[in-house]
Each structure stands twice: as C-alpha cells, then as structure tokens.
Amino acid sequence: MNPQQIYWLEELKQADKKLEKFDSNAMELIKFYFLTLFSITTIVFTLYNYQILNTDKSWFFLVFFFPFILGLAVFLALKKIFSQYTVIETTRNQISEWFIHGEIKNEFTISGSIFTAFYTLLSWIVSINLLVSLYFIFPFLRTKGIYSGIIIAILAVAFLGILSSIVLASLNSARKKGRDATRRANIANLRVPLELYYDKHGKYPVTNDFNELLEMLKPYAGMPVNDPLSKDGWSYEYNSEDGKNYTLSYVLEDGGKKSIDSNGEIK
C-alpha cells in the first residue's frame with residue numbers, strides 16, 4: 001500500500017470506532033433517561049396511593065418539570081450525537097467508495113444510528129412533560145372541576161410510566177440491531193482490504209474459510225474482525241472459488257443472513 005492508502009485506511013478504522021462509540025453513548029443516555037423516568041413515576045404513584053402527595057400543592061408541577069429538564073438535556077445531547085454520527089458516516093462511506101471505485105460517487109445511503117426512533121419518541125415525551133408542567137404552574141389553565149387536576153396527573157404519570165417500561169424492554173431488541181449493524185460494518189470494511197489484495201495479486205483470496213481470509217488480509221486490514229458476541233468470527237462467511245468474484249455474509253441474531261458480493265450488491 002502507498003502512503004495515501006495507509007492514511008485513508010487508518011481514517012476508515014477511526015471512523016468505525018467513532019460510530020460505535022456514538023451508538024454506545026446514545027444507548028447509555030436513553031437507558032439512563034427512561035430508567036430515571038420509570039423510577040420517578042413509580043415513586044409518584046406510591047406517594048399518591050398513600051395520600052402523601054397532593055396535586056393541589058403549589059410545588060406539584062416539579063413532578064413533571066424535573067423530567068422535562070432531564071429529558072431536554074438528554075434530547076439535546078442525542079441531537080449532537082446524531083448530527084456528528086451523520087457526518088462521520090458520510091466521511092466513512094466516501095473513503096470506502098474511494099478505495100473500491102477509485103473515486104467518490106456519493107451513491108451510498110446514510111443509514112443513521114439505530115437509536116434515532118428513541119430520539120423522536122423522547123421529543124414527544126419532553127413536550128408532554130412541558131405541557132403538564134405548565135398546566136400545574138398556572139392555575140388559570142385549569143378548569144374549576146375538583147377532579148380535573150387529579151385525573152390529568154394520574155393519566156400523565158401512568159402514560160409516562162407505561163411508555164418508559166415499554167422503551168426499557170425494547171432496548172434489548174435495539175441492542176440486537178446494534179450488534180447486527182456492527183456485523184454489517186465489519187463486512188463492509190473488509191471490501192477495502194479485499195480490493196487492495198486484488199490490486200496486488202490480480203485476484204481475490206481463494207478460500208471458503210473466514211479465519212483464513214483474515215490471515216491473508218492482515219497486511220491490508222491491520223485490525224481484527226470480531227463478532228460482537230464472539231472473538232471467533234462465527235457469524236461471518238466468505239466464499240470465492242476462482243478469485244474473480246467473492247461473497248461476504250453475516251448471520252443475523254434473529255435468524256437469516258445478509259450477503260454482499262464483489263459488485264457491492266446486497267442480498
């Protein structure tokens with residue numbers, strides 16, 4: 001490899017590390033927020049059940065205002081993470097195109113972080129917390145019905161509690177998708193050293209053993225390719241019978257398989 005290829009290959013590796021770190025940070029922020037929200041709603045329900053908490057108190061709006069402030073802080077942090085994620089992913093894809101095609105075509109699709117859906121959901125929760133807080137801060141927004149404030153408080157707390165428990169349960173599915181996304185990135189990264197190998201040898205590595213492939217690509221890859229759940233690369237496969245074409249594939253956690261060939265076609 002020439003110095004320019006070595007430089008851009010290192011940039012590609014750093015981009016993948018940053019994307020992985022962004023996903024990890026986003027997941028921790030989301031988990032922290034919804035665990036906190038679930039804890040708050042549980043405490044509020046308990047205090048109200050034992051008649052310790054009264055919706056007529058002037059400070060009752062803090063029950064919703066604190067989650068609003070916390071949610072807003074997490075929302076802004078996630079917004080910054082996802083913005084940087086898009087920039088890094090774009091750069092990474094452009095480098096890959098340069099390696100594979102010799103030029104930047106901008107034909108790639110920005111997939112974004114797998115936690116974007118939680119970001120949208122969080123925006124709705126923050127809005128609900130703000131509206132309910134305003135309702136209890138300003139008395140003139142309330143009707144004269146004696147039970148109106150109690151009903152709104154119970155419905156809001158119940159909604160936030162149920163929603164947070166659903167989100168916490170769905171994080172497990174998000175983790176699976178995150179690991180599958182890591183596998184997809186690992187497979188995509190191998191296309192670059194495969195093209196470098198082809199430039200030097202005039203053919204792709206001829207093997208059906210993935211670990212043997214990694215040995216052959218060590219001078220070009222420079223970093224190990226491990227499965228998120230195993231260091232043995234058990235979920236990856238490589239196949240090239242004649243060195244003219246190849247197929248890379250990985251196994252999804254929920255079953256099925258995704259493949260990409262030497263032409264960049266995904267199956």
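Could you tell me which residue of the range 107-140 is modelled with the lowest pLDDT, considering only residues that are aliphatic (A, V, I, L, M) and under 15 Å from the mean Cα position of the chain (by Cα)?
For the range 107-140, the residue satisfying everything is Ile110.
When the residues of the range 21-57 are narrowed to those that are of a type in the set (A, V, I, L, M) and closer than 14 Å to Leu160 by Cβ, which ends up modelled with the lowest pLDDT?
Val44
Here are Ile125, Ile114: which of them is of a type in the set (Val, Ile, Thr), surrounded by 14 or more Cβ atoms within 10 Å (Cβ to Cβ), outside any helix (DSSP H, G or I) and touching a residue at least 24 places away in the same chain (Cβ under 8 Å)?
Criteria check complete, one pass: Ile114.
I'd like the full set of residues that are aliphatic (A, V, I, L, M), closer than 30 Å to Thr41 by Cα and out of contact with any Phe, Trp or Tyr (no Cβ under 6 Å at 6 or more places or on another chain), limited to the range 60-95.
Hits for the range 60-95 are Leu62, Val63, Ile69, Leu70, Leu72, Ala73, Leu76, Ala77.
For every residue, the table says whether it meets (1) at pLDDT 80 or above; (2) farther than 15 Å from Arg184 by Cα.
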site: Leu214; (1), (2): yes, yes
site: Ala221; (1), (2): no, yes
site: Val225; (1), (2): no, no
site: Pro228; (1), (2): no, no
site: Trp234; (1), (2): no, no
site: Tyr238; (1), (2): yes, no
site: Leu252; (1), (2): yes, no
site: Gly264; (1), (2): no, no
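What's the number of the only condition in (1) at pLDDT below 80; (2) on the phi > 0 side of the Ramachandran plot; (3) surrounded by fewer than 18 Cβ atoms within 10 Å (Cβ to Cβ); (4) not aliphatic (A, V, I, L, M) that Gly256 fails to meet?
Failed condition: (1).
Somewhere in the range 14-21, is a residue hydrophobic (A, V, I, L, M, F, W, C), touching a residue at least 24 places away in the same chain (Cβ under 8 Å) and in contact with a Lys or Arg (Cβ under 6 Å, 6 or more places away or on another chain)?
The answer is yes, given that some residue of the range 14-21 is hydrophobic (A, V, I, L, M, F, W, C), touching a residue at least 24 places away in the same chain (Cβ under 8 Å) and in contact with a Lys or Arg (Cβ under 6 Å, 6 or more places away or on another chain).
How about the range 62-106: which of its residues are modelled with pLDDT under 85, in a helix (DSSP H, G or I) and of a type in the set (S, T, N, Q)?
Asn93, Gln94, Ser96
Using the structure shown, decide if Phe64 is in contact (Cβ under 8 Å) with a residue 24 or more places away in the chain and farther than 28 Å from Arg175 by Cα.
Yes: the conditions hold for Phe64.
Which is crowded, with 18+ Cβ neighbours inside 10 Å, under 21 Å from Arg191 (Cβ atoms) and of a type in the set (A, V, I, L, M, F, W, C), of Leu29, Leu37, Leu12?
After applying the criteria, what remains is Leu12.
Go through (1) of a type outside the set (Ser, Thr, Tyr); (2) farther than 17 Å from Tyr119 by Cβ; (3) part of a helix (DSSP H, G or I) for Trp59 and report which single condition fails.
(3) is the only condition that Trp59 fails.
Out of (1) of a type outside the set (A, V, I, L, M, F, W, C); (2) more than 29 Å from Ser24 (Cα to Cα); (3) in a helix (DSSP H, G or I), the odd one out for Gly161 is which?
Failed condition: (2).
Do we find that Tyr198 is part of a helix (DSSP H, G or I) and aromatic (Phe, Trp, Tyr) in this structure?
yes
Within the bounds of the range 215-229, is there any residue that is assigned to a strand (DSSP E or B) and without any contact (Cβ under 8 Å) to a residue 24 or more places away in the chain?
Scanning the range 215-229 turns up no residue that is assigned to a strand (DSSP E or B) and without any contact (Cβ under 8 Å) to a residue 24 or more places away in the chain.
The values are calculated or read from the model by the stated rules, or taken from the named source; none is laboratory data. For clarity, every value in this text was computed on a predicted model and none was experimentally measured. Don't worry about glycine lacking a Cβ; one is built from the backbone with ideal geometry, like all the others, and counts go over all protein chains shown.
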